[in-house]
Each structure stands twice: as C-alpha cells, then as structure tokens.
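Heads up: the structure comes next, in structure tokens.
The values are calculated or read from the model by the stated rules, or taken from the named source; none is laboratory data. Remember, it's a predicted structure, so these values are computed and weren't measured experimentally. With ideal geometry, Cβ positions are generated from the backbone for all residues, glycine too; neighbour counts draw on all protein chains shown. In case anyone asks, the SASA skips ligands and DNA or RNA and just uses the protein heavy atoms, side chains included. Shrake-Rupley method; radii C 1.70, N 1.55, O 1.52, S 1.80 Å.
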Amino acid sequence: MNPREVRGAVERAAEILRASVGDRLRPGFVLAPLTTLRIGGPADLFLEPQSEEDLRTVARAHRETALPVTTIGKGSNVLIGDGGIRGIVLRLGKGFRFAARDGNRLTGGGSMPLPALAGVALSHALAGLEFGVAIPATLGGAVRMNAGAHGHEMQEVIERIDVFDLEASTVVPVPAAEAGFAYRTAELPVSGVIVGAVARLGSGDPTQIRAHMDEARDWRRRTQPLAEPNCGSVFKNPPGDHAARLVEEAGGKGVKVGGASVSRKHANFIVAEPGTRARDVLELIRSIQDLVAAHSGVTLETEVHRVGDLDPATG
C-alpha cells in the first residue's frame, strides 16, 4: 500500500475498532514505555484486548484493511524501531492474565507473567517451572520464543498452546509437538495471538522448589544489569559456547554507540541511557558482531527481535 492507502486503512481500522472498544483504542501510542529497553516509536493503533470478543473485532479490522497486527508482551526481548510500528499493535490485557490448576497441569493466560505463573506452580507443589522465575516475560511471549534459563526452556513443560487465529477469528489449540519448538523460537502462526498455554508439571517438594527459585532470582540479581534499561540477552549462544564469553574476550564490554553500551556486568546485555535511539542499538549490535567475528571467527546471531520501522540509514 502507498502512504495514502495506508492512512485510509488505518482510519477504517480505527473506525471498526472504536465502535467496539471505544476509548480503549489508542492511536499514535508511543511504545517505548512498554519495553524494558525504553526505546520505540508510536503504533498507528494500539489496543489492550480484554476478551476474545475484542480479538474478533481486531480480526475483522485486519481482514477488511489488510493492516498487519503485531503482538507484544512485556517488551523484554524486543527492539522497536524509532519510526514505530505500522498497523495494529496489541498487548493482551488483564482478561488474559489468569492461572488454573488441574492435577499436574497448569493453564495460564497469554498475558500471565511467567514469574507469577512459576509462583502459582510453587503454591500447588508443582515442579518444572522454577526456571521461569528468572525470565521477565509473559507466558505468551515466553512460548513464542521458547524462552529459557538455567539449562531449561519452555518446550520442556508446554503441552498445548491456545492461539487466536486472526484469519479464522477463532482459538485454535496447538499441541506442543506441532509447535516447531527450537532454540529461542517456535513455528507458530504469524497471524496468531497466543492467548493461553497448558504446562504439564510434576509433583515436587515445595521447599526444594522454593530453593531453586530463590537461586534463580539471586543469580539474576548478581549477574544482570537489572537497574538499567535493557532487552535481555542480545545474542543467541552458539553451540557449545556462550555469547557473553565471546563478546568479553573480544573486548566488547563497555563498547558504546550513542546512548547504547555493552553492559560491564554482563557482556550479552546492552543497556540504554535516556534518549537512546534504536539506531544506536542496531549500530552497536553490528559493531559487536564484527568484533567477535574478527576475534574468534564466530558470527553471533541476534536473540532480540527487531520490530517496526528502523532508521533507513541502519537497515
């Protein structure tokens, strides 16, 4: 679509959405405060859906206008472009923040924070999700990227994923075996919104479960720059190695571009000063990739997801 067609599509989508959700629709909403890096431009249209009915309205707007739909969770593993995100941006609201237990199965809503879900598991003496307490993500986001920590990842515990298909305008259950889980990714429909998931856990000793969770929290406090805006791990760990080690050995700690710098506390984290632009982070990422490649011959792949309109000068 050309710019004029895009404007018309945004106006039509806003009309459809506003008729159902009213003032909850936020045109031109700046996304930076919703990310842990505190970087990002505006969404054409922003909405926090509270129900499947809201999502059905989004699906209608999507089908009638062909505008893209982007879903963000806690914004902890994302770099949003300075130009913002075109189309409709969703962040699931409180209506999708829930947890329910049925025996050894724990069901959570897509916007349920993973650390909180790990706490629910503890309250029912269910083991297997302790690692989740160290991952600042929603359940939906953690499933989408197969998040992991301390040698464990989501695919180990997930049994089923509930995906709202924007094309079919309905919830489709996806068995974990069909989710295409791999290292820090899952092959789930791009046009789908993860509204919930079922984890199959095991019975455990609450004292031991709590101890493992405390250990994970303590490790995170000691090793990660939690007091500074960051987007979590920037690079994927290469097979048999760690990105942080490679960056540190290449002399990457403390390297800075604009307001973005490689954390001196953890070399696989980039921290941002107030006023930092996405293009600063992108340039720094590329500089570190070049530095590591020259030093060790390893090409680091990014774990952080780049979304939206990036500065044309930086790609």
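A few notes on this one:
- Within segment 139-167, considering residues that are over 24 Å from residue 68 (Cβ atoms) and in a helix (DSSP H, G or I), the one least open to solvent (accessible area, probe 1.4 Å): 154
- Among the criteria (1) open to solvent by 40 Å² or more (accessible area, probe 1.4 Å); (2) touching a Gly at 6+ places or on another chain (Cβ under 6 Å), the one residue 170 does not fulfil is (2).
- The lone exception for residue 214 - which of (1) assigned to a loop (DSSP other than H, G, I, E, B); (2) at pLDDT 95 or above; (3) open to solvent by 60 Å² or more (accessible area, probe 1.4 Å) it fails: (1)
- Total residues in segment 29-50 satisfying the condition of being of a type in the set (D, E, K, R) and either touching a strand residue (DSSP E or B) at 6+ places or on another chain (Cβ under 6 Å) or in contact (Cβ under 8 Å) with a residue 60 or more places away in the chain (or both): the figure is 2.
- Applying the criterion of being more than 15 Å from the chain's Cα centre (by Cα) and assigned to a strand (DSSP E or B) to the residues of segment 171-194, the residue that is farthest from residue 60 (Cα to Cα) is 182.
- Those residues of segment 17-28 which are touching a residue at least 12 places away in the same chain (Cβ under 8 Å) and under 14 Å from residue 49 (Cβ atoms), in sequence order: 17, 20, 21, 24, 25, 26
- Test: residue in segment 127-134 that is open to solvent by 10 Å² or more (accessible area, probe 1.4 Å), over 26 Å from residue 238 (Cα atoms) and in contact with a Ser or Thr (Cβ under 9 Å, 6 or more places away or on another chain): yes
- Condition broken by residue 70, with the remaining ones in (1) of a type in the set (Ser, Thr, Tyr); (2) in contact with a Cys (Cβ under 9 Å, 6 or more places away or on another chain); (3) under 23 Å from residue 170 (Cβ atoms) satisfied: (2)
- With respect to being open to solvent by less than 40 Å² (accessible area, probe 1.4 Å), farther than 30 Å from residue 14 by Cβ and touching a helix residue (DSSP H, G or I) at 6+ places or on another chain (Cβ under 8 Å), residue 109 falls outside the description.
- Qualifying residue in segment 290-308 (condition: β-branched (Val, Ile, Thr), open to solvent by less than 40 Å² (accessible area, probe 1.4 Å) and closer than 23 Å to residue 131 by Cα): yes
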